Amino acid sequence: MDDNEQIRGLVRRALSQHGYQVDVAASVSQARLMSPGGYDALLVDARVGAERGADLIEELRAADPAVARRCLMVTGGGPAGLPADVACLVKPFRPADLISAVRALPGRDAAAPGASSP
């Protein structure tokens, strides 16, 4: 999930080229409609317009405490102020950085694609 169309396109292309199935959302509201708790991996922008991606992660964590392990927070700043148990990828990043970060998520099999991105 990212409010920047270029970032969403980069994420979709990079992950799709590596065999991942990808869904994207431009807002927290849009991501909520996609039932994000059911995805293998969640890429969430730290700031999505006026909304905070961390708020979505906290909502999902309330329903399933293990969800944080499947989240990758994407941020233009540093990891300060982000949930401590959520992986972080700092913008700007290269597609190879994104693939490595998704593969490094706990519970992800590095050889088995299938991640999705609200």
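The values are calculated or read from the model by the stated rules, or taken from the named source; none is laboratory data. If you're wondering where the values come from, they're calculated on a predicted model, not measured in any experiment. Note that we place each Cβ from the backbone using ideal geometry, even for glycine, and neighbour counts take in every protein chain shown. All accessible areas refer to the heavy atoms of the entire protein, side chains included, with ligands and DNA or RNA removed. Shrake-Rupley method; radii C 1.70, N 1.55, O 1.52, S 1.80 Å.
Taken as a whole, the condition of being within 17 Å of Leu98 (Cβ to Cβ) and touching a Lys or Arg at 6+ places or on another chain (Cβ under 6 Å) applies to Ala41.
The condition of being touching a residue at least 40 places away in the same chain (Cβ under 8 Å), on the phi < 0 side of the Ramachandran plot and assigned to a loop (DSSP other than H, G, I, E, B) holds for Asp23.
Does at least one position in region 3-16 carry a residue that is closer than 22 Å to Pro92 by Cα, at pLDDT below 90, of a type outside the set (Lys, Arg) and touching a Gly at 6+ places or on another chain (Cβ under 7 Å)? The answer is yes; a qualifying residue exists. Taken residue by residue, region 85-106 has at least one member that is under 21 Å from Ala26 (Cα atoms), over 13 Å from the mean Cα position of the chain (by Cα), modelled with pLDDT of 90 or more and surrounded by 12 or more Cβ atoms within 10 Å (Cβ to Cβ).
Considering region 9-58, and only residues there that are closer than 22 Å to Gly78 by Cβ and basic (Lys, Arg), the residue that is least open to solvent (accessible area, probe 1.4 Å) turns out to be Arg52.
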